[in-house]
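Notes follow once the structure below has been shown.
Nothing in this text is a laboratory measurement; each read-out follows from the coordinates by a stated rule. From a predicted model like this one, the values you see are computed outputs, not experimental measurements. Here Cβ is always computed from backbone atoms with ideal geometry, including for glycine, and neighbour counts include all displayed protein chains.
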Amino acid sequence: MPQFNTPPIWGLYLHIPFCSELCHYCDFAKTARWDHKTVAQYFSVLEQHLDAWLEQVVAPRGVRLASLYLGGGTPGLFTREYEAIFAMAAPYLVPQAEITLEANPKNITVDSLTHWKKLGINRVSVGVQSFHAEGLQFLTRDHTPAQLQESLSLVSTHFPSYNLDLIYSWPGQSLEMWKQDLIQAVAFSPSHLSLYNLTYAPQTPIGRAHERKKILSPDDESQAEFYEVARTFLASQGFLQEEVANWYRPGFAARHNALYWQDVPYVAIGAGAWGYLPTDEPWGIRYQYPKGLRSFLSMPVPQFLHHTLSSIQSDLLIETERDRESWLLEYIGAGLRSMYGIDLHLIQEKSNGKWVPTTWIQQALASGVLQLSEKKILSLSPQEWFRETAWCGEVIRCFL
Ligand code: SF4
């Protein structure tokens, strides 16, 4: 039986790949071609896999779940379909666990909000993306600015904790338009905001258009300006920043996402879902379910008790190659772009990495761009989080 050797607080991510329409920038595992029979089949397979993970991996190790995140796809398309999942997961959740569901504005009605609440969902994350009709059109979203107003008013009266997702630096968007988007978002008093710089993933329609130079993206400097506008404005509105793309009102930091940034394990189930498990190896394993809906539906349910960890991967899940280098890169990268920073003790413990700062890093420490706390947490100033990749390379050189 595989051995897991970490603190027994993990997260749980469930992927729901169904969408009403596909957005041209999206490279998540998703499909707009589905019917109710496929959905029923998907939930049935998901439940069988969840049962196996809970009974054979989570329970025997005394693990408790700090969060349950329903991501997609568009989980907001469904309500009653989650009942069995909640019944199964409930015994493993810590009191006051964060339970999030991603929804699109069109999914938000008094009925759906009431159902989600009844299930135990205590946080909704809404895909707004832009309050401008031009932005919604470019991003091929299926809602209008008017629908946004209506659904956000509803969600704000039903859920004290909710997040809005917005995208910036789309072609044609000015800094002024971005500021207006932020003003409109804040006017609804969300507890959390996720603001993403538009990316052009190669397999997406806009990625291909970008490659053929049919769409031009703003240069790095302009993108950094969008980031600065958000930082300055949200600080003036009382938001705190927890990560390069995430802001929260005091008391409402995103607990599920924080697991990703702090090297905490999480079980992930569903088409294309990524999970992270600790093993006897200090780097743990990252695994991914196959992205295709058909492949997921035809997968055998895992039998963890009868397999070693490596045979589970070859039978079922796709494992990514991991070693000291990849773990350092991942952990340091995530820590440098978030308020959690990087724990030098953890690096010492996991990778035997002795901290010997380079001249550049010494200068950054002296100037205050980097800070090293008494508890040996190294953190980067938020204005630099946007350039985390450049910093990461230099910080890694400090661990011999
Ligand atoms: S962005 Fe959301 S709604 Fe749009 S295709 Fe992707 S998962 Fe579906």
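Here are a few things to note about the model shown:
- Antiparallel content of DSSP bridges confined to the stretch 9-259, in %, to 5: 15
- Shape category assigned to the stretch 331-400 from the gyration tensor of Cα positions, a/c cut at 1.5: rounded
- Put a plus charge on the Cβ of each Lys and Arg, a minus charge on the Cβ of each Asp and Glu, and nothing anywhere else: the dipole of the chain about its Cα centre is then about 320 debye.
- Calculated mean residue ellipticity, 222 nm, the chain: -11000 deg cm²/dmol, from DSSP H runs (n ≥ 4) at -39500 (n - 2.57) each, averaged per residue and rounded to 500.
- Largest first, the three principal axis extents of the alpha carbons in the chain are 60, 54, 45 Å in whole numbers.
- A simple rule links phi to the HN-Hα coupling: the Karplus curve 6.51 cos²θ - 1.76 cosθ + 1.60 with θ = phi - 60°, which for the stretch 71-78 gives x, x, x, 10, x, x, 6, 10 Hz, with x for Gly and Pro.
- The H on the amide N of residue 166, modeled in the peptide plane, is under 5 Å from the matching H of 129, 194, 195, 196, each at least 5 residues off or on a different chain.
- Exposure proxy shown here: for 198, 70, 365, the number of other Cβ atoms within 10 Å sets the order, fewest to most, as 365, 198, 70.
- Projecting the Cα atoms of 63, 332, 38 onto the charge dipole of the chain (Cβ charges, centred on the Cα centre) puts 38 farthest toward the positive pole.
- Cut-off under 5 Å, modelled amide H: who pairs with residue 353 long-range: 348
- As a proxy for reagent exposure, ranking 400, 370, 101 by other Cβ atoms within 10 Å from fewest up yields 400, 370, 101.
- For residue 9, the residues 5 or more places off, or on other chains, whose built amide H falls under 5 Å of its own are 64.
- Hits among aspartates and glutamates - C-alpha to C-alpha of residue 291 under 15 Å, sequence gap 8 or more where chains match: 27, 319
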